[in-house]
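Worksheet: one structure, shown below.
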Amino acid sequence: MADRFTWTGADGTVINLSDTDAGYLVAPDGTTGLRSPAYSVIATEYAGIDGQTLQSIKAADRNPTLGVEINADTEAEFRAKARGLVRAMRPKAGAGTLTVANETGERRSLTCYCIGGLEGDASLSSELPGRWWRAVVKLYAPDPWWLGDEKTVSIGLGAPTPFFPFFPLVLSSSTVQGQYTVDLSDSDTPAFPVWTITGPGSSLVLTNNTTGRSLTVGASLASGEQMVIDTRPAYQSVRRGDGTNLLGSVDGYPDLWPLVEDVNDITAALNGASSNSRIYGSWQPRYSGI
């Protein structure tokens, strides 16, 4: 396969599954489920009305498979590779990361667990004991979305440091004010940014003008003090750098808005700023498949 596959275990072990020189290969035969998640629908039936009324559509968890081949010149080498792969993919150690890079270098990663396929069966033609082994590795991804490389933007009173396209910033001597665009029109579902604000500053306002959603946090930050706003669904929080909960400082409902799969027009403002102040955002685009 032209794509390059890498497994990173929960313990940090990295195995290049496409390194044929090292005796690894991901074959097309046995590799499935990398293009799109399955979807489920929730619908309601009403007496006397034909059909159903659709309530929602959700992406289901994902169960891709990989046709992995291992080969070695000696039995000792084969045993070491097989044991190393089994250890790196053991699910009780925690989730691993499957990363796929295409011929242009673009990478997408899926957080998942190995739940089968590495048991081995020397009676089958898929294995030559001590020399060659072909396994269909079964994976389980609770979150079905592939993540692209992290994108960031940094805004301050000095020259801004962009890592993603944005419009020119309008800055005053005491207020950080930035307007920029985040183009996620090639992604398939919203992305959830993490914002890190470094003081001094107060009355932070983050607005996604594309969706009309805004977040205002009235807390004040001393010079060098930080506030982290995490919008990711499993980690949503507004905290100082020391962990203090700042949800009580949010003006109204804490709308921890996402970046939608479109062109997002974003504005950010921080009052009482100095040259040390900074608004830093990071996110990972999310995709249906590789």
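So the values come out like this:
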| read-out | value |
| --- | --- |
| Boolean, Asp21 is free of Cβ contacts under 8 Å to residues at least 40 places away in the same chain, closer than 18 Å to Trp133 by Cβ and in the same structural domain as Trp132 (by TED's automatic domain parsing) | yes |
| Matching strands (runs of 3 or more DSSP E) fully within segment 27-115 where at least 3 residues are over 18 Å from Gly12 (Cβ atoms) and either touching a residue at least 24 places away in the same chain (Cβ under 8 Å) or among the hydroxyl-bearing types (Ser, Thr, Tyr) (or both) | 39-44, 53-59, 65-71 |
| Pro91 more than 23 Å from Tyr287 (Cβ to Cβ) and within 20 Å of the chain's Cα centre (by Cα) | yes |
| Scan of segment 212-232 for residues that are touching a Leu at 6+ places or on another chain (Cβ under 9 Å) and assigned to a loop (DSSP other than H, G, I, E, B), ordered by number | Thr231, Arg232 |
| Per-region count, segment 54-74, residues among the polar types (S, T, N, Q) and surrounded by 10 or more Cβ atoms within 10 Å (Cβ to Cβ) | 4 |
| Tabulated pairs, segment 220-247, first charged (D, E, K, R), second surrounded by fewer than 11 Cβ atoms within 10 Å (Cβ to Cβ) and in a strand (DSSP E or B), C-beta under 7 angstrom, 6+ apart or interchain | Arg239/Asn245 |
| Residues satisfying the stated conditions in segment 183-197, i.e. outside any loop (DSSP other than H, G, I, E, B) and either under 11 Å from the mean Cα position of the chain (by Cα) or over 18 Å from Ile155 (Cα atoms) (or both) | Thr189, Ala191 |
| Among the candidates Pro254, Pro200, residue that is over 25 Å from the mean Cα position of the chain (by Cα), more than 24 Å from Cys112 (Cβ to Cβ) and of a type outside the set (Val, Ile, Thr) | Pro200 |
| Restricting segment 105-154 to residues that are of a type in the set (S, T, N, Q) and at pLDDT below 95, the residue that is nearest to the chain's Cα centre (by Cα) | Thr152 |
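Yes/no matrix, rows are residues, columns are (1) surrounded by 14 or more Cβ atoms within 10 Å (Cβ to Cβ); (2) under 27 Å from Lys151 (Cβ atoms); (3) of a type in the set (Val, Ile, Thr):
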{"residue": "Asp19", "(1), (2), (3)": "no, no, no"}
{"residue": "Pro37", "(1), (2), (3)": "yes, yes, no"}
{"residue": "Tyr46", "(1), (2), (3)": "no, no, no"}
{"residue": "Ala93", "(1), (2), (3)": "yes, no, no"}
{"residue": "Ala101", "(1), (2), (3)": "yes, yes, no"}
{"residue": "Ile115", "(1), (2), (3)": "no, no, yes"}
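The values are calculated or read from the model by the stated rules, or taken from the named source; none is laboratory data. All figures in this text were calculated on a predicted structure; none of them were measured in a lab. Note that each Cβ is placed from the backbone with ideal geometry, even for glycine, and that neighbours are counted across all protein chains shown.
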